[in-house]
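Following: one structure in structure tokens, then a few remarks.
The values are calculated or read from the model by the stated rules, or taken from the named source; none is laboratory data. Since the structure is predicted, the reported quantities are computational estimates derived from the model, not experimental observations. In this analysis, Cβ positions are derived from the backbone assuming ideal geometry, glycine residues included, and neighbour counts consider all displayed protein chains. Calculation scope for accessible area: heavy atoms of the full protein, side chains included, ligands and nucleic acids excluded. Shrake-Rupley method; radii C 1.70, N 1.55, O 1.52, S 1.80 Å.
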Amino acid sequence: MPATSRRHLLLGGAVSAGALLTACTSNEPKGQTPAGSAAPAADGKPGTPVTIGFAGPQADHGWLNAINENAKRRAATYSDVTLEITEGSNDTAAQIGQVQTLVNKKVDVLVVLPADGKALTQVGLQAMRAGIPVVNLDRIFASPQAYRCWIGGDNYGMGLNAGRFIGERLKDKPDATVVELAGMDGLELTKQRTQGFDDALKNYPNIRKVARQAADFTVESGQAKMAQLLQAQPKFDALWNHDDDQGVGALRAIAQAGRKDFLMVGGAGAKSAMDAIKADDGVLKATVLYPPTMAASAIDLARALGQKKGIGGMSELEIPASITLYSAVVTKENVDEYLPTGFH
């Protein structure tokens, strides 16, 4: 899963291309046109045809597959959008070639979720110089000149909200202890999730983090690393797991060890995690979203760029330069609301 910028412009979960632009306030003098009311906003009505090139990494993870599916489904809802989608590759050279092919096809707008943001920066610059606006999805390019708009998740916010949830559950327990099953330590996103978690725990002096183990975002690594954590820590009160895919393996290890003496918070928003939260018959009590719906929003933004329009709900003539999505916490109380967004 992807590394992101820390720039914040919270628009809830996703940008709705169907919303109409409103800018009226009760303080406007009668009869005066409110500022920005003439800004053209993209809506669901057919408009100028737009060809969107979409290039993402290989869908070898539930979240990445959901990214592709969200992009395809959203594009299919617009009769004026043609989606040119690449096969996807984790090989940076191959993905660079795929983006260059889309540039050579002269697509109107590009949406790129790079396998490696730094490595693909040059091809983003190439597209922008060719007059093709780029929507940089999640893993950010090394230069803001390589994209027109960035949209992605909030890795720091994931850790922060996971820590707050655990902190509130354990705030009255003396000498509470927590452990962390992180993602791949070589990724910046993992460091951001850990930092957010640690910063949240600073607000709860009764809680100590006693162990941290890094996994690889896979079921197998989650099971193996969780088994190690359980063996090393015979007693703790809460677990923060960075990723719901590796969480499937972690839950297997927990079941095999017969452990039920702690609460667990997951990350990303897999349907399997939401189902377990709803059933409420195990340790998993919450998951912190990293919504793959961002790919649908990226299509909305690309369409608006191609049609030279703004987005609904904002007064500006142009779409924002940066949009950071919120990391909502899914619990038993609100799981039904978020279940439709759960990915397989």
Say whether the condition of being closer than 22 Å to Phe141 by Cβ, modelled with pLDDT of 95 or more, open to solvent by 20 Å² or more (accessible area, probe 1.4 Å) and among the acidic types (Asp, Glu) is met by at least one residue in the range 85-100.
no
All but one of (1) closer than 21 Å to Thr48 by Cα; (2) part of a helix (DSSP H, G or I); (3) touching a Phe, Trp or Tyr at 6+ places or on another chain (Cβ under 9 Å) hold for Val103; state the number of the condition that does not hold.
(3)
What number goes with the only condition from (1) at pLDDT below 50; (2) open to solvent by 60 Å² or more (accessible area, probe 1.4 Å) that Ala23 does not pass?
(2)
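Please work out which residue is farthest from Val219 (Cα to Cα), limiting yourself to the range 186-200 and to residues that are open to solvent by 10 Å² or more (accessible area, probe 1.4 Å) and at pLDDT 95 or above.
Narrowing the range 186-200 to residues open to solvent by 10 Å² or more (accessible area, probe 1.4 Å): 186-188, 191-192, 194-195, 198-199.
Within this subset, residues satisfying the condition of being at pLDDT 95 or above are 191-192, 194-195, 198-199.
Values: Lys191: 20, Gln192: 22, Thr194: 20, Gln195: 24, Asp198: 25, Asp199: 28 Å.
Going through the qualifying residues, I end up with Asp199.
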I want to confirm something. Restricting to the range 107-149 and keeping residues that are surrounded by 22 or more Cβ atoms within 10 Å (Cβ to Cβ) and out of contact with any helix residue (DSSP H, G or I) (no Cβ under 8 Å at 6 or more places or on another chain), which single residue is nearest to Leu64 (Cα to Cα)?
Arg139
Contact list please: Cβ distance under 6 Å, first residue in the range 52-78 and under 17 Å from Asp91 (Cβ atoms) and hydrophobic (A, V, I, L, M, F, W, C), second residue open to solvent by less than 20 Å² (accessible area, probe 1.4 Å) and in a helix (DSSP H, G or I), pairs at least six apart or on different chains.
Ala55/Val99
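Report, by residue number, each residue of the range 297-318 that is at negative phi and surrounded by fewer than 24 Cβ atoms within 10 Å (Cβ to Cβ).
Keep residues of the range 297-318 that are at negative phi, which gives 297-307, 309-312, 314-318.
Passing the criteria: Gly306, Gln307, Lys309, Gly310, Gly312, Met314, Ser315, Glu316, Leu317, Glu318.
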What number goes with the only condition from (1) out of contact with any Leu (no Cβ under 7 Å at 6 or more places or on another chain); (2) more than 19 Å from Gly153 (Cα to Cα); (3) not aromatic (Phe, Trp, Tyr) that Arg193 does not pass?
(2)
State whether one or more residues within the range 57-72 are part of a helix (DSSP H, G or I), crowded, with 22+ Cβ neighbours inside 10 Å, basic (Lys, Arg) and at pLDDT 95 or above.
no
Name the pairs: first residue in the range 184-199 and closer than 15 Å to Asp116 by Cα and in a helix (DSSP H, G or I), second residue polar (S, T, N, Q) and open to solvent by less than 80 Å² (accessible area, probe 1.4 Å), Cβ to Cβ under 9 Å, at least 6 apart or on different chains?
Glu188/Thr4; Glu188/Asn155; Leu189/Thr4; Leu189/Asn155; Thr190/Asn155
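For the range 78-91, enumerate the residues that are outside any loop (DSSP other than H, G, I, E, B) and under 21 Å from the mean Cα position of the chain (by Cα). Spell out how you get there, then give the answer.
Within the range 78-91, the first condition is being outside any loop (DSSP other than H, G, I, E, B), and the residues that meet it are 81-85.
Across the range 78-91, the qualifying residue is only Ile85.
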